[in-house]
Amino acid sequence: MTESATIPVVPEHELLRLIGSGSSGQVWLAKNALGSYRAVKIVQAQMFKHQRAFEREFNGILKFEPVSRLHDGLVDVLQVGRNEAAGYFYCVMELADDVVTGSRIHPPTYAPRTLGHDQVRLERLPVAECVRLGAAIASALGFLHKHGLIHRDIKPSNIIFVNGIPKLADIGLVTDASEGRSFVGTEGFIAPEGSGTIRADIYALGKVLYELSTGKDRNEYPALPESLGSHAETRDLILLNKIILKACRLRTWQRYQTAEDMMLALLAFQFDQAALRQRENTALLTKVFAVIGAIAALGVFVGIIWRFIWLMKHGG
């Protein structure tokens, strides 16, 4: 079989090279008729044991497609189609930034920037960055849930950056909330009761934040690092960990009830920490000014005594 025969056909797109693959599909770097770069996912029917599973994934993308462009935290799906003769469907999406060059794409060296990539490179993200990313993804997740859809596979490698903005991607397991519970997804991020519910997605996001903030594997949860860094970073991590613990409770009713609830908790944490630091800085400045004032007063007092002694000696 020639190389050209192995490359799927997608209308008005030239598939340049394979950049990712999974159990049910491949992701290609492509260029459209206008010269813009896109990510194209090809899902083969033959990769599924049952046709029903193939149709379920296709229907999930069809439902996600109109919703995707309504929230900045969801990857935009630009086109969906099927090639019945070849036995696959395709999904054209916006392309993630390059890990090195950002939005400037060089096809031969392109590698997508994901949160998983940042995690490997940095090992552990600053707490402030974890809070910012967590709130952004929780917002996108809440929007998805409001439209009756469940993601079912939230993990660092499924969160991409487009023009520096974090977005939920890899929507292959997105399904209607009415489908009920299942155990699809990625080990360690799947809730104890299974995936396919709002609170299961919240659990997965909690595990993502655990990995990002601690630098530990999700299967080590809830252990914290032995060395937590500075006093301020230690305090912040412990406070963020309270949010993570609530998101990952074993009993579903003890978790955040909605992704918006989790987002609000993260935003409150962010603003409370800013206010706390402002208060600490104000207190520090007050102490500094108090010390300076005391030194100045002492200087004046010493000056008076010195002047008094000088006058005494000179008969003044």
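The values are calculated or read from the model by the stated rules, or taken from the named source; none is laboratory data. Since we're looking at a predicted model, the values are computed, not measured. All Cβ positions, glycine included, derive from the backbone under ideal geometry; neighbour counts span all protein chains shown.
Beta carbons closer than 6 Å, at least 6 apart along the sequence or on distinct chains, pair a first residue in segment 3-26 that is under 22 Å from Ile61 (Cβ atoms) with a second that is modelled with pLDDT under 90 for Leu15/Ile7; Ser24/Met47. Looking at (1) touching a Phe, Trp or Tyr at 6+ places or on another chain (Cβ under 9 Å); (2) of a type outside the set (Val, Ile, Thr); (3) over 21 Å from Thr186 (Cβ atoms), which is the one condition that is false for Leu74? Evaluating Leu74 over (1) touching a Phe, Trp or Tyr at 6+ places or on another chain (Cβ under 9 Å); (2) of a type outside the set (Val, Ile, Thr); (3) over 21 Å from Thr186 (Cβ atoms) leaves (3) as the failure. Being in the same structural domain as Asp201 (by TED's automatic domain parsing) and assigned to a helix (DSSP H, G or I) is true of Leu144. Assess whether Ile171 counts as being more than 14 Å from the chain's Cα centre (by Cα) and of a type outside the set (Asp, Glu). Answer is yes for this residue.
For Leu115, are the conditions met, namely being buried (at least 21 other Cβ atoms within 10 Å of the Cβ) and closer than 25 Å to Thr214 by Cα? For Leu115, the condition - buried (at least 21 other Cβ atoms within 10 Å of the Cβ) and closer than 25 Å to Thr214 by Cα - is met. Within segment 159-175, the residues that satisfy the criterion of being part of a loop (DSSP other than H, G, I, E, B) and not polar (S, T, N, Q) are Gly164, Ala169, Asp170, Val174. Looking at Tyr203, Tyr256, just one residue is among the aromatic types (Phe, Trp, Tyr), closer than 19 Å to Ile150 by Cα and outside any helix (DSSP H, G or I), and that residue is Tyr256.
Conditions (1) more than 30 Å from Gly35 (Cβ to Cβ); (2) in a helix (DSSP H, G or I); (3) at pLDDT below 95, marked per residue:
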position	(1), (2), (3)
Pro107	no, no, no
Tyr110	no, no, no
Gln119	yes, yes, yes
Arg124	yes, no, yes
Ala128	yes, yes, yes
Ile137	yes, yes, no
Arg152	yes, no, yes
Ser157	no, yes, yes
Thr186	yes, no, yes
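Restricting attention to segment 206-232, the residues that are exposed (fewer than 15 other Cβ atoms within 10 Å of the Cβ) and in a helix (DSSP H, G or I) total 4. Taking the numbered list (1) hydrophobic (A, V, I, L, M, F, W, C); (2) more than 17 Å from Lys167 (Cβ to Cβ); (3) in contact with a Phe, Trp or Tyr (Cβ under 7 Å, 6 or more places away or on another chain) in turn, Ile19 passes all entries but (2). Among the residues of segment 132-153, those identified as within 9 Å of the chain's Cα centre (by Cα) and over 17 Å from Val67 (Cα atoms) are Arg132, Leu133, Gly134, Ala135.
Give me the residue from segment 163-184 that is buried (at least 20 other Cβ atoms within 10 Å of the Cβ) and modelled with pLDDT of 90 or more and, out of that set, nearest to Ala204 (Cα to Cα). Checking each candidate, the answer is Leu168.
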